[in-house]
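Below you'll find the structure, written out as structure tokens, and then a few comments.
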Amino acid sequence: MSTQDKNKYVLYSYFRSSCSARIRIAAHLKDIPLEYKYVNLVKGAQHSKDYHGLNPSESVPTLVVHDAGSGAEITRIRQSVAILEFLEEVEDDPKLLPDETLERAKVRELLNIISCDIQPVTNLRVLNFIKSHGISADEWQQHFMRLGFQAYEELLATSGGKFSVGDSVSLADCALAPAVDGVLRFGVQVETEFPRVWKIWRELSELKAFQNGRWDSQPDTPEELKRHA
Ligand SMILES: N[C@@H](CCC(=O)N[C@@H](CS)C(=O)NCC(=O)O)C(=O)O
């Protein structure tokens, strides 16, 4: 049963955050209304005392769930994959995890390549740290992103269809699209290096929910970076 109507959701997000984009996209796909609060990662707002109180990991996204009637806070969820799975349980239309167990494992396998193998080693705090040790952040990003995307590309040979797993959009796609946006920014030639990923990303880019969740169309996207349709 959908509990969506009883809850009100506040998402702490940053326009460039790929982890936040996963949630924005899934919520758009499911028509779950989110109220947004913005955390400017580049200005270090994630390290403020107030935000630390909300999310001790000092990262976005954070989803705060309120009772829609009383407004009372019910819970906070501070990890993007936990939020994705929560939203999936709250609203299963459309399903972003397939019914079939083996298919679900494939979605989670791909989702984990992005969320466990690529994103953590290319996160802002990691880049700041390696830069302070004289290592090129661009080279680092490209290296680790390529490793992850190579694996994703190879797995697509068996799982892929129109989207990452077959022909239905899944949680893997919600994580893939923002990750591709990120790797393109760092100069990786996705079209030639990872053609299966590229094809899927192109399909996803046509979907309204992916356009609405993308980094370049958020209220906190700086005006000069905004996509003007
Ligand atoms: N495992 C966490 C990672 C969250 C995370 O690292 N978010 C990034 C943005 S995509 C962040 O807030 N970085 C801030 C920093 O590194 O200081 C999740 O999936 O939610």
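Descriptive notes on the structure:
- Label-to-label distance for Asp220 and Lys95 is 3.4 nm, based on points extended 7 Å past Cα in the beta-carbon direction.
- Once the C-beta distance of Glu191 and His143 is scaled by a Förster radius of 25 Å, the resulting FRET efficiency is 0.80 to the nearest 0.05.
- Listed residue pairs exceeding 27 Å between alpha carbons, taken from Lys8/Lys162; Lys95/Lys199; Lys6/Lys43; Lys8/Lys199; Lys8/Lys208; Lys43/Lys226: Lys8/Lys162; Lys6/Lys43; Lys8/Lys199
- Rg followed by Dmax, in Å, when the stretch 1-124 is reduced to its Cα trace: 14.8, 44
- One way to sum up the overall shape of the chain is the equivalent ellipsoid from its Cα gyration tensor, whose semi-axes run 26, 24, 16 Å, largest first.
- FRET efficiency, Leu124 to Asp31 (Cβ-Cβ, R0 25 Å, nearest 0.05): 0.25
Throughout, read-outs are computed from the coordinates displayed, never taken from laboratory work. Small disclaimer: the values here were computed from a predicted structure and weren't measured. Cβ sites come from the backbone with ideal geometry, for glycine too, and all protein chains shown count toward neighbours.
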